[in-house]
Amino acid sequence: MILRCYNCEGAEIDLSEHVAVLEVEPPYVFRNILLDFLTAEFPVREVMMEQEGKQLKAADVTVVSDFIGFTPSSRAVLTKLYKHLDDRMRQDPLVRRNLDNLIAALKSGTEEALRDYCVDFSMSETIEFKDVFATLGLAPECSSDSVGEKLMQFISVCAELRLYKAIVLVQPKAYMTDEEIVGVYERALSSRIGLVVMDNMVREKALRHEKKICIGRDYSDIMI
């Protein structure tokens with residue numbers, strides 16, 4: 001997976017080998033880069049992520065900016081998770097038959113429990129597996145309050161269930177130590193998930209695994 005920066009003399013970063021760190025001081029450029037990740041429109045404003053020569057879709061990329069309220073089981077993640085599990089389970093005849101039988105038994109038991117009421121009830125003819133997952137409260141378990149631990153678990157979930165191909169973290173260094181951040185980097189690289197870090201200030205040093213593109217307030221750019 002490649003990150004291309006079109007207004008920085010064609011700079012590019014291989015996300016299979018490095019974590020891309022974009023340190024961007026001009027607010028207008030910072031906003032445009034973030035919009036490129038969120039919308040994946042073409043032509044791009046500043047940057048584009050591509051895999052095997054094709055631009056990633058907006059649905060392939062998730063942007064994380066709220067690290068205080070962040071959880072690996074957010075509504076957006078659960079929506080993708082349930083759809084993924086629904087699709088996979090319907091491809092397995094045995095699993096599909098077992099779940100269909102359980103749903104039929106649930107409907108039958110509900111109808112039986114309602115027979116004593118002098119009220120006519122209607123019920124959905126079909127119940128999606130994803131509706132059952134939501135009813136059961138199915139979600140990735142997270143027992144840690146550490147931002148770094150939650151991000152590493154989120155990366156593992158994305159890789160295992162193929163929920164996203166790339167993750168963009170907006171100013172995560174305000175919430176984690178260098179050691180925690182490097183741990184997140186290593187989890188992303190080992191999981192083959194493209195990772196991009198956005199920051200609104202240029203920092204002197206680069207952490208392990210980082211490949212940096214720095215854009216100063218005078219719009220000068222440098223790649224480290």
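The values are calculated or read from the model by the stated rules, or taken from the named source; none is laboratory data. Source: prediction; values computed, not measured. Methodologically, a virtual Cβ is constructed for each residue, glycine included, from the backbone with ideal geometry; neighbour enumeration extends over all protein chains shown. When the accessible area is computed, the model is the full protein with side chains, heavy atoms only, and any ligands, DNA or RNA have been set aside. Shrake-Rupley method; radii C 1.70, N 1.55, O 1.52, S 1.80 Å.
Compared with the alpha-carbon gap, the fully stretched path from Tyr175 to Glu160 is longer by 2.8 nm at 0.36 nm per residue.
Once the Cβ-Cβ distance of Tyr28 and Val64 is raised to the sixth power relative to R0 = 35 Å, the FRET efficiency obtained is 0.95.
So what's the projected area for the chain, the Cα convex hull averaged over all directions, in nm²? For the chain, the mean projected area of the Cα convex hull comes to 16.2 nm². In the full protein context, the stretch 14-98 carries 55 Å² of accessible surface per residue, based on a 1.4 Å probe and ignoring ligands, DNA and RNA. Here the stretch 32-125 has 52 percent of its accessible surface on carbon and sulfur atoms, given a 1.4 Å probe and all protein chains in place. Using alpha-carbon pairs under 8 Å, 6+ residues apart, how would you state the relative contact order of the stretch 36-131 in percent? Relative contact order comes out at 21 percent. Partners of Lys57 within straight-line reach, counting lysines whose Cα lies under 21 Å from its Cα and excluding those fewer than 8 residues away in the same chain: Lys80, Lys83, Lys165.
When DSSP beta bridges are restricted to pairs lying wholly in the chain, around 40% turn out antiparallel. Within the stretch 26-135, the chymotrypsin sites (Phe, Trp or Tyr not before Pro) that combine a DSSP coil assignment with at most 11 other C-beta atoms in a 10 angstrom radius are Tyr117, Phe121. Report the calculated FRET efficiency for Ala206 and Arg88 (r = Cβ-Cβ distance, R0 = 45 Å), to the nearest 0.05. Once rounded, the FRET efficiency stands at 0.70.
A straight Cα-to-Cα reach below 21 Å connects Lys205 with the lysines Lys173, residues fewer than 8 places away in its own chain not being considered.
DSSP bridge analysis restricted to the stretch 98-224 gives an antiparallel fraction near 40%, rounded to the nearest 5. At full extension, Glu141 and Asn98 could sit 13.0 nm farther apart than now, given 0.36 nm per residue minus the alpha carbon distance.
In the stretch 1-83, which GluC sites (Glu not before Pro) are in a loop and have at most 13 other Cβ atoms within 10 Å, using DSSP for the loop call? Loop-located and lightly packed - Glu9, Glu17, Glu41, Glu52.
In plain terms, the chain is cut at each of the trypsin sites (Lys or Arg not before Pro) found in a DSSP loop with at most 15 other Cβ atoms within 10 Å, and the longest leftover piece is 58-114.
Here the label points at Thr71 and Thr110, each 7 Å from Cα along the C-beta direction, are separated by 2.4 nm in the simple model. Of the residues Ala174, Ala59, Ala139, the one that moves most in a GNM of the chain with alpha-carbon contacts below 10 Å is Ala174.
The GluC sites (Glu not before Pro) of the stretch 117-194 that meet both conditions, a loop assignment by DSSP and at most 10 other Cβ atoms within 10 Å of the site Cβ, are Glu125, Glu141.
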